[in-house]
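Structure record follows, encoded as structure tokens.
The values are calculated or read from the model by the stated rules, or taken from the named source; none is laboratory data. Predicted model, so just to flag it, every value in this text is computed and none were measured. Positions of Cβ are generated from backbone atoms using ideal geometry, with glycine treated the same way; all protein chains shown enter the neighbour counts. The protein model used for the area step is the full one, side chains on, heavy atoms only, and it has no ligands, DNA or RNA in it. Shrake-Rupley method; radii C 1.70, N 1.55, O 1.52, S 1.80 Å.
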Amino acid sequence: MTAFSLGSLLYEGKAKRVFATDQPDRVAVEFKDDATAFNAQKRASLAGKGACNCLISALIFEVLERRGIATHYLGLAEERWMVVRPVQVVPLEVVVRNIAAGSLCRQLPITEGTALEPPLLDLYYKDDGLGDPFLSEARLERLGVVNPDQRQAIGEMALAVNLGLRDLFGSVDLELVDFKIELGFASDGSLLLADEISPDTCRLWDRRQSDSSDRILDKDRFRQDLGGVMEAYGEVLKRVQGVCPEPRVYG
Ligand code: 5GP
């Protein structure tokens with residue numbers, strides 16, 4: 001590493017590792033090539049996925065930052081690495097759905113592909129052991145992981161992210177079906193968009209393809225054994241790079 005030295009491993013998740021650095025209020029995130037689905041019951045290693053998702057996330061964080069959305073992202077380091085502000089992660093998976101797909105269609109009689117206007121905001125409790133259960137507003141209040149003001153700020157940020165992502169992906173013929181974000185509180189108490197935004201966390205359908213399988217350019221290719229996972233992720237990266245400036249390097 002150039003602008004900083006790595007410290008101890010702070011956290012290891014399914015797709016990322018987070019390390020302390022020698023700088024205050026800075027941590028380094030390594031994007032792994034590991035792919036998991038169905039609560040890690042399905043696993044694989046996909047060469048190049050970490051680098052691809054790191055770059056896509058960096059470009060997207062910069063797009064969202066320019067739209068006034070506060071993120072944890074500070075800059076890229078080496079391939080597969082970015083430097084971010086540490087946050088106290090809110091144990092919620094915040095999902096926004098523009099088009100019905102995935103669990104929504106498994107759980108409710110809604111046909112895949114149905115437009116959802118206004119978009120649906122679904123909150124899940126982030127706990128692999130419990131299978132990330134869906135939260136009603138009453139359950140969220142009972143859980144007490146966020147107060148009402150924080151709940152409101154999370155909803156507003158999720159919808160602002162949705163608008164930013166829809167504009168970005170729409171400009172390169174990608175339909176943003178749905179996505180999951182995670183948020184956290186920085187040391188000064190501010191709410192930051194955290195984690196990553198990539199084809200691992202978004203459903204993206206290619207508007208240039210009409211076939212219902214060929215159009216999938218996201219983790220559903222891995223979940224559904226459709227093949228061509230890295231080709232799809234690479235296509236998303238290429239299109240996003242085509243409309244974004246080079247991401248900044250940290251330090
Ligand atoms: P669904 O509720 O249909 O499983 O997922 C909705 C959206 O959130 C999809 O874009 C999906 O990729 C994303 N998502 C939901 N849960 C997770 C998760 O635990 N990990 C990742 N990477 N994405 C998730």
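Let's see how each residue does on (1) of a type in the set (S, T, N, Q); (2) in contact (Cβ under 8 Å) with a residue 24 or more places away in the chain; (3) within 13 Å of the ligand (Cβ to nearest atom):
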{"residue": "K14", "(1), (2), (3)": "no, yes, yes"}
{"residue": "F19", "(1), (2), (3)": "no, no, no"}
{"residue": "A28", "(1), (2), (3)": "no, yes, no"}
{"residue": "A35", "(1), (2), (3)": "no, yes, yes"}
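Give the number of residues within segment 178-187 that are over 8 Å from the mean Cα position of the chain (by Cα) and within 15 Å of the ligand (Cβ to nearest atom).
Qualifying residue count for the region: 2.
Examine segment 51-66 for a residue that is over 14 Å from E196 (Cα atoms) and either in contact (Cβ under 8 Å) with a residue 24 or more places away in the chain or of a type outside the set (D, E, K, R) (or both), and state whether such a residue exists.
Scanning segment 51-66, I find no residue that is over 14 Å from E196 (Cα atoms) and either in contact (Cβ under 8 Å) with a residue 24 or more places away in the chain or of a type outside the set (D, E, K, R) (or both), so the answer is no.
Within segment 1-41, which residues are basic (K, R), open to solvent by less than 50 Å² (accessible area, probe 1.4 Å) and within 25 Å of S103 (Cα to Cα)?
K16
Evaluate segment 53-61: report whether one residue or more is open to solvent by 20 Å² or more (accessible area, probe 1.4 Å) and more than 15 Å from the chain's Cα centre (by Cα). Write out each step before concluding.
Taking segment 53-61 first, the residues open to solvent by 20 Å² or more (accessible area, probe 1.4 Å) are 55.
Of the ones still in play, those that are also more than 15 Å from the chain's Cα centre (by Cα) are none.
No, that holds for no residue.
Within segment 180-200, does at least one residue satisfy the condition of being among the polar types (S, T, N, Q), within 29 Å of Q41 (Cβ to Cβ) and surrounded by 13 or more Cβ atoms within 10 Å (Cβ to Cβ)?
Yes, segment 180-200 contains a residue that is among the polar types (S, T, N, Q), within 29 Å of Q41 (Cβ to Cβ) and surrounded by 13 or more Cβ atoms within 10 Å (Cβ to Cβ).
Considering each residue of segment 123-159, count those that are closer than 12 Å to V96 by Cα and touching a helix residue (DSSP H, G or I) at 6+ places or on another chain (Cβ under 8 Å), and give that number.
Filtering segment 123-159 down to residues closer than 12 Å to V96 by Cα leaves 123-124, 154-159.
Add one more test, that the residue is touching a helix residue (DSSP H, G or I) at 6+ places or on another chain (Cβ under 8 Å), and what stays is 123.
Number of matching residues: 1.
Of the numbered conditions (1) more than 13 Å from the ligand (Cβ to nearest atom); (2) not in a helix (DSSP H, G or I), D218 fails exactly one; give the number of that condition.
(1)
Can you find even one residue in segment 90-97 that is open to solvent by 20 Å² or more (accessible area, probe 1.4 Å) and under 26 Å from A40 (Cβ atoms)?
Among the residues of segment 90-97, at least one is open to solvent by 20 Å² or more (accessible area, probe 1.4 Å) and under 26 Å from A40 (Cβ atoms), which makes the answer yes.
Testing L168 on (1) in contact (Cβ under 8 Å) with a residue 40 or more places away in the chain; (2) touching a strand residue (DSSP E or B) at 6+ places or on another chain (Cβ under 7 Å); (3) not small (G, A, S), one condition comes back false. Which one is that?
So the condition that L168 fails would be (2).
Quick one: which residue in V95, V84 is touching a Phe, Trp or Tyr at 6+ places or on another chain (Cβ under 6 Å), modelled with pLDDT of 95 or more and not polar (S, T, N, Q)?
Working: V95 fails: touching a Phe, Trp or Tyr at 6+ places or on another chain (Cβ under 6 Å).
Going through V95, V84 in turn, the sole match is V84.
Within segment 16-44, can you find the residues that are more than 22 Å from A186 (Cβ to Cβ) and either assigned by TED's automatic domain parsing to the domain that holds P199 or of a type outside the set (K, R) (or both)?
Correct list: D33, D34, A35, T36, A37, F38, N39, A40, Q41, A44.
Identify the residue in segment 188-211 that is in a loop (DSSP other than H, G, I, E, B) and within 23 Å of P148 (Cβ to Cβ) and, among all such residues, is nearest to the ligand (Cβ to nearest atom).
S190
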